[in-house]
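K.L.:
Next up is a structure, given as structure tokens.
The values are calculated or read from the model by the stated rules, or taken from the named source; none is laboratory data. Computed from a predicted structure; not experimentally measured. Positions of Cβ are backbone-derived with ideal geometry, glycine not excepted, and every protein chain shown enters the neighbour counts.
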């Protein structure tokens, strides 16, 4: 197995796990907060996906699909490249209203296809060492560190969403 396949497998696992978490949930389920200060499943799935879009688009030097493909309109949100949920207040997270699971997964899949093209056709060992500056996160890191962080945060957020689903639906939902 080449290292590119290993990296891509991690992104594919995040998508599979997210799909399992979102499977058969209604919009009401997606917007349910288990406690007043907790994020909903819909917000967590949106934030995970927006973060993948923002981070990977920055690495690729391309416009986010959020804007380029007008995903923002499908979520009834502004075309703001910086709005990913990072820094949301409790009130902002509570005010977030999710779209249907299918739309969340379609957006995530569109980003995954773009990531796959990048990993298999542009990402080289030399590129992994390239230093990048994130205007959103206001930090400097190399490409490898950024990708590792995107994967780590993806699993973290899908795990959080799965936990909230367990609180909502009880045991037995995970295959």
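K.L.:
Checking residue 81 against (1) more than 21 Å from residue 28 (Cβ to Cβ); (2) over 16 Å from the mean Cα position of the chain (by Cα); (3) in a loop (DSSP other than H, G, I, E, B): exactly one of these is not met. Which one?
P.N.:
(2)
K.L.:
A further question on this structure: Exactly one of these conditions fails for residue 18: (1) in a helix (DSSP H, G or I); (2) over 12 Å from the mean Cα position of the chain (by Cα); (3) modelled with pLDDT of 95 or more. Give me its number.
P.N.:
Every listed condition holds for residue 18 apart from (2).
K.L.:
Those residues that are part of a helix (DSSP H, G or I), modelled with pLDDT of 95 or more and surrounded by 12 or more Cβ atoms within 10 Å (Cβ to Cβ), I need them from the stretch 93-107; list them, please.
P.N.:
101, 103, 104, 105, 106, 107
K.L.:
Now for a different question. Within the set of pairs 6 or more residues apart or between chains, which connect a residue that is surrounded by fewer than 16 Cβ atoms within 10 Å (Cβ to Cβ) inside the stretch 74-89 to a residue that is modelled with pLDDT under 90 with Cβ atoms less than 7 Å apart?
P.N.:
82/136
K.L.:
Which pairs turn up if I take residues in the stretch 57-72 that are in contact (Cβ under 8 Å) with a residue 60 or more places away in the chain and look for partners that are in a helix (DSSP H, G or I) with beta carbon separation below 7 Å, at least 6 apart in sequence or on another chain?
P.N.:
Pairs found: 59/143; 59/146; 60/118.
K.L.:
Still on this model: If you go through the stretch 36-45 one residue at a time, do you hit one that is outside any helix (DSSP H, G or I), crowded, with 22+ Cβ neighbours inside 10 Å and out of contact with any strand residue (DSSP E or B) (no Cβ under 8 Å at 6 or more places or on another chain)?
P.N.:
There is at least one residue in the stretch 36-45 that is outside any helix (DSSP H, G or I), crowded, with 22+ Cβ neighbours inside 10 Å and out of contact with any strand residue (DSSP E or B) (no Cβ under 8 Å at 6 or more places or on another chain).
K.L.:
Output yes when any residue across the stretch 108-115 is farther than 18 Å from residue 7 by Cα, surrounded by fewer than 18 Cβ atoms within 10 Å (Cβ to Cβ) and either in contact with a strand residue (DSSP E or B) (Cβ under 8 Å, 6 or more places away or on another chain) or free of Cβ contacts under 8 Å to residues at least 12 places away in the same chain (or both), and no when none is. So that I can check it myself, show each step before the final result.
P.N.:
So the first thing to find is which residues in the stretch 108-115 are farther than 18 Å from residue 7 by Cα, and the list is none.
Looking through the stretch 108-115, none of the residues is farther than 18 Å from residue 7 by Cα, surrounded by fewer than 18 Cβ atoms within 10 Å (Cβ to Cβ) and either in contact with a strand residue (DSSP E or B) (Cβ under 8 Å, 6 or more places away or on another chain) or free of Cβ contacts under 8 Å to residues at least 12 places away in the same chain (or both).
K.L.:
Assess whether residue 6 counts as being within 27 Å of residue 126 (Cα to Cα), in contact with a strand residue (DSSP E or B) (Cβ under 7 Å, 6 or more places away or on another chain) and in a helix (DSSP H, G or I).
P.N.:
Details: within 27 Å of residue 126 (Cα to Cα): yes; in contact with a strand residue (DSSP E or B) (Cβ under 7 Å, 6 or more places away or on another chain): no; in a helix (DSSP H, G or I): yes.
Here the answer is no, as residue 6 does not meet what is asked.
K.L.:
Which of the residues that make up the stretch 46-78 are outside any helix (DSSP H, G or I) and within 21 Å of residue 33 (Cα to Cα)?
P.N.:
Matches in the stretch 46-78: 75, 76, 77.
K.L.:
Another question about this same structure. From the set of residues in the stretch 131-155 that are closer than 24 Å to residue 6 by Cα and surrounded by fewer than 13 Cβ atoms within 10 Å (Cβ to Cβ), which is modelled with the highest pLDDT?
P.N.:
So, considering only residues that are closer than 24 Å to residue 6 by Cα and surrounded by fewer than 13 Cβ atoms within 10 Å (Cβ to Cβ), the one modelled with the highest pLDDT is 152.
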